[in-house]
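Comments concern the structure below.
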């Protein structure tokens, strides 16, 4: 049976959606069908807390608007809406941040993160701490560029990526390097042989986890028995999923 994976780009950039979808299909291979969707509203890139909050709402709405999937992936390193999505989704949900950290930190290895968006440093550190991995984090390095810069011209950033990853290994003692963010999907292939330690990216890690999860057996939700409290401005599919969750 073909596994169905819903891939949600929580920003509004079709360029990023296409990049994520192409790499997800390469990782999953012919045994999975990837359905990639773009956030229905929000920012074209996620580089501050306010944009992440808006993206969380957009990701929830996108997930609530689909039923035909065995697993879902939220395609941003900050995992916007991940915990809430797991409450309302009808199948397992994975995020680039959590899956990438789990892979990079496996077996107690020291790891570093290379990404963009210096304003999110504290949030990245908090995400690492929430998973009990602060003691393994060797360094965080930020490239000089934006999410959309890297997505539009990844080849132009390869030298900077390789230099940052090698510095993490040589100067900070990292045994692995995690590239954080959608524009880095599949970067290990582009940097093969140029960095002395293994490289990881969140999308590859999330798709691999989604491929390992058991096929969904969750059926339709039970009839809603909770009061239909007002949710002005919330799209009905999402409002319905919230009511389903509260009624369980």
Here are the criteria: (1) more than 16 Å from the chain's Cα centre (by Cα); (2) over 27 Å from residue 157 (Cβ atoms); (3) modelled with pLDDT of 95 or more. Tell me which single one residue 2 does not satisfy. (3)
So, first residue under 12 Å from residue 105 (Cβ atoms) in the stretch 120-136, second residue loosely packed, with under 13 Cβ neighbours inside 10 Å, Cβ within less than 7 Å, six or more apart or across chains; the pairs are 128/134; 136/108
Residue check for residue 167: more than 22 Å from the chain's Cα centre (by Cα) and not assigned by TED's automatic domain parsing to the domain that holds residue 48: yes
The stretch 156-167, subset touching a residue at least 24 places away in the same chain (Cβ under 8 Å) and out of contact with any helix residue (DSSP H, G or I) (no Cβ under 8 Å at 6 or more places or on another chain), residue farthest from residue 18 (Cα to Cα): 167
Filter result (more than 14 Å from the chain's Cα centre (by Cα), closer than 16 Å to residue 236 by Cα and at pLDDT 95 or above) within the stretch 67-102: 88, 89
Filter result for the condition that a residue is under 15 Å from residue 199 (Cβ atoms) and in contact with a helix residue (DSSP H, G or I) (Cβ under 8 Å, 6 or more places away or on another chain), over 137, 143: 143
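The values are calculated or read from the model by the stated rules, or taken from the named source; none is laboratory data. Keep in mind the model is a prediction, meaning the values are calculated, not measured. Heads up, the Cβs are rebuilt from the backbone with ideal geometry, glycines too, and the neighbour counts pull from every protein chain shown.
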